[in-house]
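*Asks:* My questions will all concern the structure given below.
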Amino acid sequence: MLSIVPTPTETTVEAQDLIEDCLASGEDLSAAYPKVSLLLKELIHDERWDELAAILPRLIMPSIDYTTAGSLYRVMSRLGKHRALGKRTVKIAILGSSTTHQLAQFLELHLFAAGVSCEIHEADYGVFRQEIWDPDSELYRFRPDVLVLATSRRDLGGLPSLAEDRGAVESRMRTELAEWTKLWKTAHDRLNCQIIQNNFESPPWRTLGNHEGRHPASASRYVTMMNLALQDEAPPHVTIHDVDHLAASRGRWRWSDERYYYHAKLSCSPENLVDYAHSLASLVLARVGVVKKCLVLDLDNTLWGGVIGDDGLGGIRLGQGDPDGEAFVAFQRYVKQLRERGVLLAVCSKNTDAVAREVFLKHPEMVLRLDDISCFVANWDDKATNIGRIADRLNIGVDSLVFVDDNPAERSIVRRLRPAVAVPELPLDPAGYIAALDQHRYFQALGLTAEDLKRADYYKADAERQAAESSSQDLAGFLASLAMTARIEPISAANLERTVQLINRSNQFNLTTRRYAAAEIQGIVADPTWVTRVVSLSDRFGDHGLISVLIARIDETALVIDTWLMSCRVLKRGVEGFLLNHVVVIARGLGLQAVRGEYLPTAKNGLVRDHYQSLGFSPIDTDDSGRSTWTLSLHEGWSPAPTHIKETPHDDHHHDSR
Amino acid sequence: MTTTTTILAELQDIFRQVFDDDAIELADSTTADDVDGWDSMMHINLIIAIEKRFRVKFAAAEIASLKADGQNVGGLARMVERKLGDPKATRP
């Protein structure tokens, strides 16, 4: 069943038009605000509270200016008792050593926009430590659900002097950190509430110029290290609010306005308080579980340039060589990353289903694939109806959807008919899509889940591997550092499927490119005149699985290699030499005098043209087609190739050593 | 041409928005005591709105002086006028 689409009243439509104009006017609401302000006053005067309550949240955005935000706050206060209680009510204590009054107002404003009511306790200016230490303080009588420590760099116990050495700076940092962790512990022991602690913003000025990062006692280096340490030390009930990032993304000189600190103890420029409060609100919303879960995407001119139904697969703009095409790829990458961190994706497009899907299936530059899309709706119904279907199918609330569409008319209709859906404005230029979406912090989480951290660890392992590659003095050092282990075993029922897959898929590291079906391989395995080996490789970064196959025929005096192939994922690891060493042992065990191999050139296997030569084989013959044959005599002083791979025993039931 | 009178009219507009009160009538002689709710926080709000509207910048000490005893809106208008005539005092 579809959710019921509310019918808007005429007056709401009129007001909505004004709001649409206002939103379309761009980032700065201040120019359009006077007109909106008249409307809001009219609604207040006529006591049309429901309409006011419906319209007001639309106007509250992270990018609005300070004065407009102040006006909206006062309108919200007038709405007061007339507004329905929010989905949730949350008690928030804000402690800071700077003025937090405006911050508290804007926090309340943003929470209101998300449908959450709040009660806020602010400590007196500059006494936040006492509030926490003193068990009889107002803080503990208030009993907040969320405690915000709205600190700034001025709350650091002091910056190192340039005379301090690394050890002194380190111990200063440990002392500082211990004080904060003690504050967190005391507050948490007594309140058992979530704590949101600001990190510290680097100052914009640099007395050491370019070399702040290098000097052990420089201010920016100290602040950076301190922030990392805070993140690492924070227990799950403490969320570090990344104010340093807010400052950096705004521009450090623009972030702070010293005049307002000296005059009014505002920790940042007043204009930045609106966005700062929005960032804080997004963390509070995550705490109370009011979060967005799904990004609903239009297709034409949202994920690619042009209209697939008109322009066709070759006509849409997506990919390198076209500025718009590159911007759409970048936007898709951003969306894909949201998907990877757990945000659901849905498609809501006015298109013929098959035509829309074809782009996902066939366009080489598509970053998003069909299996990234949890719900794919392409038809000619109106989008408000389709969005209801998407919510139903995914079994999530309409209020957990974010709808992204380049078309202002579609955005407008969804805003009117589905007021619970978040619908961000998009600029005309796709190069601005990421910024337009990201600024809303729709998908904020309070912390990282165990899976997130595990994933992060995986990426860390990858980074370590890259670091190992670059730090190795030479290849041998690198290979040794990988701590590779390999299992060598004959082809068996257990590995048949993967082996056949590799035989029929490998093109580059494949000496003969002979394709065999499973039944043929089973025949070879059952025939005592054939020898088969497969290699599975692990290293300290993970398990690569089965990566190499060798099949050889026993001739009268030699072992003749029919097939030798390897996955390109493990090139240049020395797997070839390792496998050859093993094969030589087998050949000797069978009383043979040589190992022979051949190379059959194809369009794709130039990589292994010199394979046998590099392993010490002697050429026998090369014909006009480029086919070459090679032999390795086992009589002469053959010595095993050096290897950094350690062999691990294979499973007992496969121990046919033939 | 911007004169003290037109600046005063613009200031009145700003005051009405910031204080959310369309009944505010400003004169040269209006002081902080004459406007309901003109406390230190509203003063900041006023200064921010004035800086934005006129694209001027007040020094920290000027911000404080504008609400000091003996100061009135006429003084504020003249300070804005002075800044508008001085390119160094206006924002780019």
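Quick note: the coordinates plus some simple rules give every number you see, no bench work behind them. The structure displayed is predicted, hence computed values, not measured ones. Glycine gets a Cβ as well: all are built from the backbone with ideal geometry, and neighbour counts include every protein chain shown.
*Asks:* Any idea which of A:Gly325, A:Leu482, A:Val274 is furthest toward the positive side of the dipole for the protein assembly as shown, if Lys and Arg beta-carbons carry +1 and Asp and Glu beta-carbons -1?
*Replies:* The Cα lying farthest towards the positive end belongs to A:Leu482.
*Asks:* Report, in debye and to the nearest 20, how large the dipole of the protein assembly as shown comes out about its Cα centre when Lys and Arg carry +1 and Asp and Glu carry -1 on their Cβ.
*Replies:* Using only the charged Cβ atoms, the result is roughly 1300 debye.
*Asks:* Hey, if you put +1 on the Cβ of every Lys and Arg and -1 on every Asp and Glu Cβ in region A:498-554, which of A:Leu550, A:Thr532, A:Leu511 ends up farthest toward the positive end of that dipole?
*Replies:* Farthest towards the positive end: A:Leu511.
*Asks:* Next up: Report the relative contact order of chain A, percent, no decimals, based on alpha-carbon pairs under 8 angstrom and at least 6 residues apart.
*Replies:* Relative contact order for chain A comes out at 9 percent.
*Asks:* Do you know the relative contact order of region A:294-438, to the nearest whole percent, from alpha carbon pairs under 8 angstrom that are 6+ apart?
*Replies:* 26
*Asks:* Taking H placed 1.01 Å from N in the peptide plane, check which residues at least 5 places from A:Arg317 or on another chain put their amide H under 5 Å from its amide H.
*Replies:* Correct list: A:Gly305, A:Gly306.
*Asks:* Also, I was wondering about something else. With 10 angstrom as the radius, rank B:Ser40, A:Ser400 by how many other C-beta atoms surround their C-beta, starting from the fewest.
*Replies:* Least crowded to most crowded, the residues run B:Ser40, A:Ser400.
*Asks:* Under 4 °C and 1.567 mPa s, how fast does region A:299-358 diffuse according to Stokes-Einstein, given a Kirkwood radius computed over C-alpha pairs? Answer in µm²/s, whole number.
*Replies:* 106
*Asks:* List the residues whose amide H sits under 5 Å from the amide H of A:Lys350, counting only those 5 or more places along or on another chain, with H placed 1.01 Å from N in the peptide plane.
*Replies:* Here the answer is A:Leu299, since their amide H atoms fall under 5 Å of that of A:Lys350.
*Asks:* Let me ask something else about it. Between beta-carbons, use under 14 Å as the cut-off and find the net charge around A:Thr302, counting Lys and Arg +1, Asp and Glu -1.
*Replies:* Net charge around A:Thr302: -4.
*Asks:* Using only alpha-carbon positions, what ratio does the radius of gyration of region A:151-265 give when scaled by 2.2 N^0.38 Å?
*Replies:* 1.12
*Asks:* Same structure again: Quick check on the protein assembly as shown: what does the Kirkwood estimate of hydrodynamic radius come out to from the alpha carbon pairs, in Å?
*Replies:* Kirkwood hydrodynamic radius for the protein assembly as shown: 31.6 Å.
*Asks:* A further question on this structure: Sort out for me the Cα centre separation of region B:15-92 from region A:362-380, rounded to whole Å.
*Replies:* Using only Cα atoms, the two centres lie 56 Å from each other.
*Asks:* Enter the mean number of other protein chain beta carbons within 10 Å of the beta carbon of each residue in A:262-268, as an integer.
*Replies:* 4
*Asks:* Between their Cα atoms, which of A:Lys572/A:Lys646; A:Lys362/A:Lys604; B:Lys52/B:Lys83; A:Lys292/A:Lys336 are more than 18 Å away from each other?
*Replies:* Going by Cα-Cα distance, A:Lys362/A:Lys604 fall outside the 18 Å limit.
*Asks:* Points 7 angstrom from Cα along the Cβ direction at A:Ala493 and A:Arg341: gap in nanometres?
*Replies:* 4.8
*Asks:* Sticking with this structure for a sec: Can you run phi through the Karplus equation (6.51, -1.76, 1.60; θ = phi - 60°) for region A:551-559 and list ³J(HN,Hα) in whole Hz, with x for Gly and Pro?
*Replies:* Taking θ as phi minus 60°, the curve returns 10, 9, 9, 8, 8, 4, 10, 9, 9 Hz for region A:551-559.
*Asks:* Calculate the radius of gyration of the Cα atoms of region A:203-360 to one decimal place, then report Dmax, the largest Cα-Cα distance, as a whole number, both in Å.
*Replies:* 22.1, 63
*Asks:* Whole-Hz Karplus ³J(HN,Hα) for region A:626-642, in order, using 6.51 cos²θ - 1.76 cosθ + 1.60 and θ = phi - 60°, x for Gly and Pro?
*Replies:* x, 5, 10, 10, 9, 9, 10, 6, 8, 7, 5, x, 6, 10, x, 5, x
*Asks:* Per-residue mean of other chain beta-carbon atoms within 10 angstrom of the beta-carbon, peptide A:69-76?
*Replies:* 2
*Asks:* Counting other beta carbons within 10 Å of each Cβ, put A:Ser412, A:Ser618, A:Ser152, B:Ser29 in order, fewest first.
*Replies:* Result, fewest neighbours first: B:Ser29, A:Ser618, A:Ser412, A:Ser152.
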